[in-house]
Amino acid sequence: MYQIRYAQSEKEIGDCWDVVNTLRPHLVKNDYLQQVKEMQQEGYHMLYLSENNKVAAFAGYRNIYSLHAGRFIYVDDLCTLPEFRNKGYAGALLDYIHQLAKETGKASVVLDSGFQLHPAHRLYLNKGYVLSAHHFRKSL
């Protein structure tokens, strides 16, 4: 059995490194802790769950209020380590976020996903997400 927890201490944030690095391999380990702490000051929340004392999956989210969507939770990050996939961990993290959104009066939960992440897309569609927009980015 697992329990979903918030990564708040430096140790908890550090324990999430392997799964974070799986999703975000461009990150530099020496900068990671400080970056997460700064993001937390700006409203980022990091959830994780462990199996056998190893972080198996994590999710990062923010509460957003916008003109186009009202109040919603935006899921920045969601990943499970390969050896822990197909155990329902990412789905459990999403379910937790969905419940949190309901309890806090949010209108929706929103996330972006790379085109190539087909297993993740199956999860999102099975959880009732719809493809509602294209995400555009201009690098500067």
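The values are calculated or read from the model by the stated rules, or taken from the named source; none is laboratory data. Model, not experiment: these values are computed from the prediction. All Cβ positions, even for glycine, are placed from backbone atoms using ideal geometry, and neighbour counts span all protein chains on display.
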Hits in the stretch 6-24 (condition: touching a strand residue (DSSP E or B) at 6+ places or on another chain (Cβ under 9 Å), surrounded by fewer than 15 Cβ atoms within 10 Å (Cβ to Cβ) and not in a helix (DSSP H, G or I)): 6, 8, 24
Matching residues, the stretch 77-103, being surrounded by 19 or more Cβ atoms within 10 Å (Cβ to Cβ), closer than 18 Å to residue 44 by Cα and in contact (Cβ under 8 Å) with a residue 60 or more places away in the chain: 79, 93
Cross-chain or 6+ apart pairs with Cβ under 8 Å, the stretch 106-135 first and closer than 18 Å to residue 61 by Cα, then in a loop (DSSP other than H, G, I, E, B) and of a type in the set (A, V, I, L, M, F, W, C): 107/69; 108/69; 110/69
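Can you tell me which residue among 50, 113, 66 is out of contact with any helix residue (DSSP H, G or I) (no Cβ under 7 Å at 6 or more places or on another chain), surrounded by 12 or more Cβ atoms within 10 Å (Cβ to Cβ) and not acidic (Asp, Glu)?
Details: 113 fails: out of contact with any helix residue (DSSP H, G or I) (no Cβ under 7 Å at 6 or more places or on another chain); 66 fails: surrounded by 12 or more Cβ atoms within 10 Å (Cβ to Cβ).
Just a single option satisfies the conditions, and that option is 50.
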Hits in the stretch 100-131 (condition: part of a loop (DSSP other than H, G, I, E, B) and either touching a strand residue (DSSP E or B) at 6+ places or on another chain (Cβ under 8 Å) or aliphatic (A, V, I, L, M) (or both)): 104, 105, 106, 107, 117, 129, 130, 131
Members of the stretch 1-24 that are modelled with pLDDT under 95 and among the polar types (S, T, N, Q): 3
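Kindly establish whether residue 5 is under 20 Å from residue 103 (Cα atoms), under 13 Å from the mean Cα position of the chain (by Cα) and touching a residue at least 40 places away in the same chain (Cβ under 8 Å).
Details: under 20 Å from residue 103 (Cα atoms): yes; under 13 Å from the mean Cα position of the chain (by Cα): yes; touching a residue at least 40 places away in the same chain (Cβ under 8 Å): yes.
For residue 5, the condition - under 20 Å from residue 103 (Cα atoms), under 13 Å from the mean Cα position of the chain (by Cα) and touching a residue at least 40 places away in the same chain (Cβ under 8 Å) - is met.
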Extreme residue, modelled with the highest pLDDT, among residues of the stretch 116-140 that are among the hydroxyl-bearing types (Ser, Thr, Tyr) and exposed (fewer than 10 other Cβ atoms within 10 Å of the Cβ): 139
